[in-house]
Structures are given as structure tokens and as C-alpha cells.
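Read through the structure below, which is laid out as C-alpha cells, and then see the notes.
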Amino acid sequence: MRRTPRCLVPALLCLSLALVGCGPKEDTAARRAREGYLIINNAAEPSGLDPQEVTGLLESRIVYSLFEGLVNYKADDLSPIPGAAESWTNSADGRTWTFRIRPAARWSNGDPVTARDFLFSYERMLRPTFGSEYASMLHCVRGAKAFNEGKLKDFAQVGFRAPDDRTLVIELDHPVPYFLGLICHHSWLPVHPPTILKFGKIDTLNTPWTRPGSLVGNGAFTLETWEVARRIVVRRNPGYWDAANVGLQAVEFRAITELFAEERAFRGGELHITGSVPPPKVVKLRAAGSKELRLDPYLSTSFIRVNCDIKGNEAARKALADVRVRRALGMVIDRQQIVEKVLRAGESPALHFTPPGTGGFVAQARWREDRAEARRLLAAAGYPGGQGLPKLEYLYNTSEGSQKAAEVYQETWRRELGIEVELKNQEWKVYLSSLHKGEYQLARSAWTGDYNDPNTFLEMFITGNELNQCNWSDPEYDRLIGAAARESDPAKRFGYFQQAEQRLVDGAPILPVAFNKNKFLIRPEVTGWYPTLIDQHPLNAVRLRPAKGD
């Protein structure tokens, strides 16, 4: 009898087991679904996790899991529901809001969440020395803008009060019809004062308090792991006041930047949800009627920023400070080509900035696509056929979609206007920093509404707003946005926004390109991930169920 070599026994045993019906190997996503462990690709390494510093959508997704504001989003339609505040009232004139902090609200270290924690957080957000890009989100509060600009020195004179630990009073400058939706935004999330002060002063930037083992939050999850440029893992917080109704045990946020690598990871069973989909794949999946493909409505606009006051390059500064040059650049863009040949997911050309239907508003202003007029404007500015115009630089964040669009712009500007443009790409964090510092000439941008109102698109271009990274200023535009903020009549308010949109088109600090669709892949195990206009998905409401047949 021939002996079977000892080393082959395990292999033959595995083969025998497979032949008798072990079935296909369960992939990572299916196994993790059984554990209540959701895996999302968040598309890039986040710039940070401080809710009062971050500005990007991908950062906010993680931040919302770790912190909870006075009011939360309802999962299916993002209407406001109680969060750290169990209830609230509003005065008859609409200017004074009183919130009751729920007694069961706790920080992840066990400390009670108090009204004074919110006062600390809002003072931090508004301090001029902190320099938050989103400080303007709080400017509707009495005295907040003056304090943020350094004109008012005493924070006690700003319209925030805490009569006791469970009561927070907010006095507004004027009634804000979307106020409850506004304070759902991550800029209104609280931070834990002792943790902030442990690592620096109230206004010290970029301290390590947001690292695993240091971060103290009051959200449904706690920070477990942060592997830079790879993944962040948050774990269900047992001390959260509503922990019993949190279905997930953990969420992993991956940082895959390459679209086709992301799609392969999804197909390989490594992800439950992707951040996007390669455009060629979208076309095929739509044709096949894929149930994994989602093309959700979205309050989002892709556009090109123009730096109207470049530092360190006088020739480029002179050219882009001229509105005729800016308008010429925008007039030759073939937006239909971009949406059909580059984006390819049902997006529509954007001839104004605010997406149609935002809070019921539809802009009437329109960009002209007129190559002959563009060439005439360029010549009138002193650059006939592009002669004498220095080579410009176009900045974009690392991604295939951004690169393909950049290449189309580059070729279009060269062919139609004789303008040479050099393409420059940067990783997400560096790209955001370049925009913030004004270290760019032309730049790829996209803006997703923070709430469902045209103000979230138009307010950021007023003079001095930290998000106005175009260095553009128009006193009449500022007046119109200010008038809209004080106007209670909806028709008159929208009238101001109509005029502001026209000023934005005429001044051309931005070149709108496309109204976006939210495109991603999602596995059938995921429930509670609803189509929402601003792409926020409260993780408290998400559930994982085993796929059919498992």
C-alpha cells in the first residue's frame, strides 16, 4: 500500500470537504455584514476630524458619527429631529430659540453634556484667532459676526446663553426660516472642553486631540483606529443616550482614491458602499439595470474657481483680475460634452450656480456658451488669440474624473482661445490647503449644499467669507445676500437671490460646469441608506442584514 505523503493530507482533506458542498467562500463584506460592521469607501484621507475645522463632505461623514449636535438629521429626508437637545421652543418673533439638553446625554468619557459645552464650542468656532472657514454658519446669531471679525471683544455679548446646565438660549440677529436645518450642520457640533484644553488653548489649531485614545465625543460611535491614508474605524458607543437603537457595531471608512481600484474592491467583496463609480462603468451598469448602482438626486454643482487676486505672479494676477478673461474662459466650456463624455451619469450642464429646485428656488441667470464672443472679450482685454497671456495653472485633486475633466478644459482653452494651461494635481488634504491659502490660479471645485436653501450656495461668495476662496468682492452682491437674510417674504427673498445669481454670472469668479448626480455602488445587505439631497446618511439608522441565500 502506497503511503500518502503527510504534507498532502490537509490539501486533500480540504478538497474533499469542498466536493461535499462547503460552497463558495464568504467574502469580507458578507462576513462583516453578519457582524454589523459597515465598510464604506470615503474616497480620500480626511483633512482632519475636528468638527469646527473641517470643510469637506468626506470629513463630515466621519465627524457626524463621533459628535452630536442639538438637532439631528432624520434619516430618510434629513428633516430636523431631537439630538443632544430633547426639545426646543421658538419665540413669537422667530429670533429666540431655547433648547433643553437631554439629561442622558454623555460624552464618551462619561461626563454629562451641558449647555456650557455648547457655549465653549461656539466661542471657539467664532474666535478670530481660530480662523474657522465655516464660522459664517453662526453669523446669524446676534453679535456673532462682530465677534468673529474682532469688532466685539466680549463673547458674553454674543447671543448665546446658558441659564443652567440643561438650558441653551440662542438669540438671532433676524429670523432664519431654515434655522433647525442650519444647526444640523457639523459646524454646530460641540467639542469636549477639557479635552480641547488638555492639548492647548481654546483657539489652538491642529492639536492631537482628535487621535484614537484622545478624542472624546458625544456621538453614537467612538474613534477606534486611524491608519493614515488607509482607513478609520469607529465603534458603537455604549454610553450614547440612544445606543439601544444603533444597529451597527462599527463602521470602517476606507481611503481609496483611484476609481477603478475602488470598483474592483467592491466587486471583490471588500466594500459595502463606494464613494463613486468610474464613468465608463456607470454607462454599462445603467444599461444592464444594475440594482447595485445608485444615481441619487443631489444638491451639488461642479465648477471652476478663478483666483481673482493671485499672489506672487503679477502677469497671471493681471489676466485673471480682468472679468473679460474670466468670462472668456467660461464661455468656451462645452458643458454638454463634459456631462455626456466625461461624467456620464445623467448629470446636467450648469449655466448658473445654485442647483434647480434648491429650497424651491430656480435661478434665471444663464451663462452664455459663445466662442466668438469669448474670443472678442479676450482680444478686448489685450490678449488676441491668447497672445501675451501667461501660461495659467489649473489645480485639481487626485482622481480620474477630475483629471479627465481637466484635460478637456486644457484642450478647449488652447484650441478656442490660444491659452496654454498647465495641469497640477494634489492629494485631497494638500488641495484643500491650497484653496484655503489662495495658492492657485484656476481650480476644480464642487459644492454640495449644507442645507436645502439657496443661501448655502450663494452666501459663501460675500466679501470676507472664509469660503470665498476666489478672492472676489462685489459690494452689490454683498448687499443682496444681506437683504435676503433679513427678508421674511419668500418671494422677495428669492428675488434678491435671483439678482445675486446674475451678479455671480456677470462677475465670473466661478465658472459653473455641471449639476451633479450622487453616483455610487451599494450592496443589498445595507438598509437605511436613503437618497438624500445633501448626501448625508445618519449612521444611527443604517442596518446590515445578511444577503438572501446566506
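Rounded, prolate or oblate: which fits segment 354-435 when a ≥ b ≥ c are the square roots of the eigenvalues of the alpha-carbon gyration tensor, with rounded for a/c under 1.5 and prolate only if a/b beats b/c? In terms of gyration-tensor shape, oblate.
Take every Cα pair under 8 Å in segment 100-177 that's 6+ residues apart, average their separations, divide by the length, and report that relative contact order as a whole percent. If you can, show how the numbers build up before the last one.
Details: 99 pairs, mean separation 24.5, N = 78.
Taking the mean separation of contacting Cα pairs over the length of segment 100-177, I get 31 percent.
The listed residues Trp88, Trp97, once ranked by accessible area (1.4 Å probe) with the largest placed first, stand as Trp88, Trp97. Under the classification rounded if a/c is under 1.5, otherwise prolate if a/b is larger than b/c and oblate if not, where does segment 78-195 fall, given a ≥ b ≥ c as square roots of the Cα gyration tensor eigenvalues? Since a/c reaches 1.5 but b/c is at least a/b, the shape of segment 78-195 is classed as oblate.
For segment 450-550, taking Cα atoms only, Rg and Dmax work out to 19.4, 63 Å respectively. Only protein heavy atoms count here; under a 1.4 Å probe, Val430 has an accessible surface of about 80 Å².
Test of the criteria: in segment 300-390, which trypsin sites (Lys or Arg not before Pro) are in a DSSP loop and have at most 16 other Cβ atoms within 10 angstrom of their Cβ? Provide the component values of the computation, followed by the final result.
Working: sites: Arg305, Lys311, Arg317, Lys318, Arg324, Arg326, Arg327, Arg335, Lys341, Arg344, Arg366, Arg368, Arg371, Arg375, Arg376; in loops: Lys311, Arg344, Arg366, Arg368.
Counting only loop positions with at most 16 other Cβ atoms within 10 Å, the trypsin sites (Lys or Arg not before Pro) in segment 300-390 are Lys311, Arg366, Arg368.
For Ile304, the solvent-accessible surface computed with a 1.4 Å probe is close to 0 Å², ligands and nucleic acids excluded.
Across segment 264-342, the convex hull enclosing all Cα atoms gives 168 Å³ per residue.
Short-range pairs are left out: with C-alpha atoms under 8 Å and at least six residues apart, the relative contact order of segment 201-351 is 12 percent.
Temperature 25 °C, viscosity 0.890 mPa s: under these conditions the Stokes-Einstein estimate for segment 303-388, based on its Kirkwood radius over C-alpha pairs, is 167 µm² per second.
Taking every pair of alpha-carbon atoms in segment 188-329, give the share separated by more than 18 Å as a whole percent.
Values: 7476 of 10011 pairs.
Here the tail beyond 18 Å accounts for 75 percent of pairs.
Extending 7 Å from the Cα toward the beta-carbon at both Lys291 and Asp506 defines two label points whose distance is 5.4 nm.
What number, rounded to the nearest 500 deg cm²/dmol, is the helix-based mean residue ellipticity at 222 nm of the chain, given -39500 (n - 2.57) per DSSP H run of at least four residues and division by all its residues?
Result for the chain, helices only: -8500 deg cm²/dmol.
Computed from backbone phi with θ = phi - 60° and the Karplus coefficients 6.51, -1.76 and 1.60, the 3J(HN,Hα) list for segment 58-68 is 5, 5, 4, 4, 6, 4, 5, 6, 9, 10, 10 Hz; x is used for glycine and proline.
First measure r as the distance between the Cβ atoms of Ser79 and Arg31, then evaluate 1/(1 + (r/R0)^6) with R0 = 60 Å and state the FRET efficiency to the nearest 0.05. Computed FRET efficiency for Ser79 and Arg31 comes out at 0.95.
When the Cα atoms of segment 322-470 are aligned to their principal axes, the ranges along those axes come out at 44, 35, 35 Å in descending order. Ordered from largest to smallest accessible area (heavy atoms of protein chains, 1.4 Å probe), the residues Leu432, Leu197, Leu66 come out as Leu197, Leu432, Leu66. Phi angles of segment 510-526 translate, via the Karplus equation with coefficients 6.51, -1.76, 1.60 and θ = phi - 60°, into HN-Hα couplings of 10, 10, x, 10, 8, 8, 7, 10, 8, 10, 7, 10, 9, 7, x, 5, 8 Hz per residue; Gly and Pro are given as x.
At a 1.4 Å probe radius, which order do His192, His174 fall into by accessible area, largest first?
His174, His192
Using alpha carbons only, the radius of gyration of segment 405-451 set against its Kirkwood radius gives Rg/Rh = 1.05.
Considering only Gln336, Gly388, Gly359, the residue lying farthest towards the positive end of the dipole of segment 311-405 is Gly388, judged by Cα position with unit charges set on Cβ.
Grab the other residues whose beta carbon is less than 12 angstrom from that of Ala350, score K and R as +1, D and E as -1, and report the net.
Values: positive: Arg335, Arg366; negative: Glu347, Glu369, Glu501.
The answer is -1.
Considering all different alpha carbon pairs of segment 142-189, the Kirkwood hydrodynamic radius works out to 12.1 Å.
How high is the relative contact order of the chain, given as a whole-number percent (alpha carbon pairs under 8 Å, six or more residues apart)? Spell out each step's value before the answer.
Values: 1097 pairs, mean separation 107.9, N = 550.
RCO, the chain: 20 percent.
Rounded to 0.05, the FRET efficiency of the Glu227 and Arg100 pair, given R0 = 45 Å and the Cβ-Cβ distance, is 0.70. Calculated translational diffusion coefficient of the chain (25 °C, 0.890 mPa s; Stokes-Einstein with Kirkwood radius over alpha-carbon pairs) equals 97 µm²/s.
Can you pull the semi-axes for segment 436-484, root of five times each eigenvalue of the Cα gyration tensor, sorted largest first, whole Å? Display every interim value, and only then the final one.
Values: eigenvalues 76, 47, 11 Å².
For segment 436-484, the semi-axes come out at 20, 15, 7 Å.
For segment 301-454, what is the accessible area per residue in Å², given a 1.4 Å probe and the full set of protein chains? It would help to have the intermediate numbers written out before the result.
On the way: 6320 Å² over 154 residues.
Value returned for segment 301-454: 41 Å² of accessible area per residue.
The values are calculated or read from the model by the stated rules, or taken from the named source; none is laboratory data. Note that the coordinates shown come from a computational prediction; the quantities given were computed from them, not determined experimentally. In this analysis, Cβ positions are derived from the backbone assuming ideal geometry, glycine residues included, and neighbour counts consider all displayed protein chains. The area values use the complete protein model at the heavy-atom level, side chains included, leaving out ligands, DNA and RNA. Shrake-Rupley method; radii C 1.70, N 1.55, O 1.52, S 1.80 Å.
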